[in-house]
1. Just checking, which of ILE109, ILE54 is of a type in the set (A, V, I, L, M, F, W, C), in contact with a strand residue (DSSP E or B) (Cβ under 8 Å, 6 or more places away or on another chain) and more than 23 Å from ILE186 (Cβ to Cβ)?
2. Which count do you get for residues in segment 8-53 that are assigned to a helix (DSSP H, G or I) and either under 19 Å from LEU119 (Cβ atoms) or modelled with pLDDT of 90 or more (or both)?
3. Can ASN234 be described as buried (at least 17 other Cβ atoms within 10 Å of the Cβ) and closer than 24 Å to ALA106 by Cα?
4. What is the number of the single condition among (1) of a type in the set (Phe, Trp, Tyr); (2) surrounded by fewer than 23 Cβ atoms within 10 Å (Cβ to Cβ); (3) over 26 Å from PRO180 (Cα atoms) that TYR80 does not meet?
5. Taking the condition of being touching a residue at least 40 places away in the same chain (Cβ under 8 Å), in a loop (DSSP other than H, G, I, E, B) and touching a strand residue (DSSP E or B) at 6+ places or on another chain (Cβ under 9 Å), how many residues in segment 158-189 meet it?
6. Evaluate the following for ASP163: is it over 28 Å from ASP26 (Cα atoms) and either at pLDDT 95 or above or open to solvent by 20 Å² or more (accessible area, probe 1.4 Å) (or both)?
7. Answer yes if at least one residue in segment 134-157 is in a helix (DSSP H, G or I), farther than 19 Å from CYS199 by Cα, touching a strand residue (DSSP E or B) at 6+ places or on another chain (Cβ under 9 Å) and modelled with pLDDT of 95 or more, and no otherwise.
8. Given the condition in a helix (DSSP H, G or I), open to solvent by 10 Å² or more (accessible area, probe 1.4 Å) and over 22 Å from ASN171 (Cβ atoms), answer yes or no: does some residue in segment 62-77 qualify?
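The values are calculated or read from the model by the stated rules, or taken from the named source; none is laboratory data. Since the model is a prediction, treat every value here as computed from it, not as a measurement. As a convention, Cβ positions derive from the backbone with ideal geometry for all residues, glycine included, and neighbour counts pool all protein chains shown. Quick note on the areas: whole protein, heavy atoms, side chains included, nothing else; ligands and nucleic acids left out. Shrake-Rupley method; radii C 1.70, N 1.55, O 1.52, S 1.80 Å.
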Amino acid sequence: MRQNIYIRSLCIAFLACLFSGCEAIDVWTAPTPTPEQYDKGLIVFYPGTAGLNIEAIGFYYAFREAGIDLAFEETLWTEYLETILSPDGVQDRITERCKAEANRIADYIRAYPNRPVTLISYSGGAIAVIRVAENMPLDVKLDRLITMSPGIWKGIDLTGALDNTTQGMINYWSPIEYGPILVSRIFGLADSSRLDPACSFGFDQVDPRLTQVAWSEELSEFDNRGEHLDFLINIPWLKKFVAPWIITSK
């Protein structure tokens, strides 16, 4: 019970700071990976629309507790609430950043062949995962993509991203995420659409390379209630339900 209260308190505190416009909450970044970790493989995390490093904290410690000792990086693909505060031309800016990021990751893959590479995102960061994957050079491929509660349109075309993976994509969504539906109508999603978000409906696309995991009572362990922040800070839940998808060897 104490653990559940702690998790819920963290979620409330994060949400309060985020919507107060306080970037001072961004007081944590993942430790710099060691050469030994890079030699084992790479995980790259893309935070949500707020663009805060601290959004990676739950994933980092969940994976470390699960014994995953690959290099862990976090990449900021947007400025703070940029899609809301500076919407003009924002998608072009995001695409250019993601092209540069794809080339950066390609350089790693060429330097460390046959090491597993997983891209993972939370909320609006899904647009970065998809755009990076779409723009990977032809001579390299990613292993797996993981999107947690994606704050983008459910009808987005995933084909190009899936084509550049060897193990496909895992998507976590929840049918009781009602808040993002309202946010999409008022502020828009990370892809600048005002349509149904994939975090609340799942992706429309049907593809054998796409595995979609909908929240249900079976996934309610560790006080995960299927709400948007439950897929972000809940370390025990991420350790049990997400860490097993991380590819650690090839």
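1. Values: ILE54 fails: in contact with a strand residue (DSSP E or B) (Cβ under 8 Å, 6 or more places away or on another chain).
Going through ILE109, ILE54 in turn, the sole match is ILE109.
2. Step one: filter segment 8-53 for residues assigned to a helix (DSSP H, G or I), giving 8-19, 23-25, 35-38, 53.
Okay, now just the ones that are also either under 19 Å from LEU119 (Cβ atoms) or modelled with pLDDT of 90 or more (or both), so 35-38, 53.
Counting residues in segment 8-53 that are assigned to a helix (DSSP H, G or I) and either under 19 Å from LEU119 (Cβ atoms) or modelled with pLDDT of 90 or more (or both) gives 5.
3. On the way: buried (at least 17 other Cβ atoms within 10 Å of the Cβ): yes; closer than 24 Å to ALA106 by Cα: no.
Considered against the rule, which asks whether it is buried (at least 17 other Cβ atoms within 10 Å of the Cβ) and closer than 24 Å to ALA106 by Cα, ASN234 comes out as no.
4. (3)
5. To start, the set of residues in segment 158-189 that are touching a residue at least 40 places away in the same chain (Cβ under 8 Å) comprises 158-159, 162, 165, 167-177, 179-180, 187-189.
Pick out the ones that are also in a loop (DSSP other than H, G, I, E, B) and you get 158, 167-168, 174-177, 187-189.
Applying the additional criterion that residues be touching a strand residue (DSSP E or B) at 6+ places or on another chain (Cβ under 9 Å) yields 158, 167-168, 174-175, 177, 189.
Looking only at that region, the number is 7.
6. Numbers: over 28 Å from ASP26 (Cα atoms): yes; either at pLDDT 95 or above or open to solvent by 20 Å² or more (accessible area, probe 1.4 Å) (or both): yes.
Against the criterion (over 28 Å from ASP26 (Cα atoms) and either at pLDDT 95 or above or open to solvent by 20 Å² or more (accessible area, probe 1.4 Å) (or both)), ASP163 qualifies.
7. If we filter segment 134-157 for residues that are in a helix (DSSP H, G or I), which is where we start, we get 134.
Checking which are farther than 19 Å from CYS199 by Cα leaves us with 134.
From what's left, touching a strand residue (DSSP E or B) at 6+ places or on another chain (Cβ under 9 Å): none.
So far as segment 134-157 goes, no, none of its residues is in a helix (DSSP H, G or I), farther than 19 Å from CYS199 by Cα, touching a strand residue (DSSP E or B) at 6+ places or on another chain (Cβ under 9 Å) and modelled with pLDDT of 95 or more.
8. The initial filter retains those residues of segment 62-77 that are in a helix (DSSP H, G or I), namely 62-65.
From what's left, open to solvent by 10 Å² or more (accessible area, probe 1.4 Å): 64-65.
With the extra rule that they be over 22 Å from ASN171 (Cβ atoms), the set shrinks to 64-65.
Yes, that holds for at least one residue.
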